[in-house]
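Structure first, then comments.
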Amino acid sequence: MRLVVDQIRGKSVNEAYAILQFSKKGAAEPVGKTLRSAVANAQDRSQDEGDLLDVDDLVVQEAFVDEGPTLRRWRARAQGRAAPIRKRTSHITVVVDSRDA
């Protein structure tokens, strides 16, 4: 996740969309969803304030990934033993802002 997020940090939103669309990493899809959500939230908040927000002026100001909860499972092994499986999750944060701000 962090590899993909590092690629879009500081880029314009349209440029970040293009990077995520053509990325071969599996993490590009959830990061793209989070970016679309951040842009939609910015547009919604600007409409509530009565302003008009142009998506072309938005920039990915902050983007980072924190560790989420880990699901712990067990896999059967030889001679009656068990080996742990850690299914890790993550929290993605994307902050967009206009260029002039």
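Every number here is computed from the coordinates shown, using simple stated rules; none is lab data. The model shown is predicted, which means the values in this text are computed figures rather than measured ones. Virtual Cβ from ideal backbone geometry, glycine too; neighbours counted across all protein chains shown.
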Rh (Kirkwood, all Cα-Cα pairs) for the range 2-98, Å, reads 15.4
Calculate the spin-label point distance for Lys33 paired with Val95, positioning each point 7 Å from the Cα along the beta-carbon direction, and give it in nanometres.
-> 2.4
Of Asp48, Asp56, Asp66, the one that fluctuates the most in a GNM where the chain has Cα springs shorter than 10 Å | Asp48
Sparsely packed chymotrypsin sites (Phe, Trp or Tyr not before Pro) within the range 3-95, loop by DSSP, other Cβ within 10 Å at most 13 = Phe22
Give me the angle, in degrees from 0 to 90, between the Cα long axis of helix 28-49 and the longest principal axis of the Cα atoms of the chain, rounded to the nearest 10.
-> 40
Cβ crowding within 10 Å averaged over residues, with 2-12, 37-47, 75-85 ranked highest first = 2-12, 37-47, 75-85
Anyone know which of Leu71, Leu52, Leu20 comes out most mobile in the 10 Å Cα GNM of the chain?
-> Leu71
For the range 78-101 and the range 1-68, what is the separation of their C-alpha centers, rounded to whole Å?
-> 18
Taking a cut-off of 16 Å between Cα atoms, list the lysines near Lys33, but don't count ones fewer than 8 places away on the same chain.
-> Lys24, Lys25
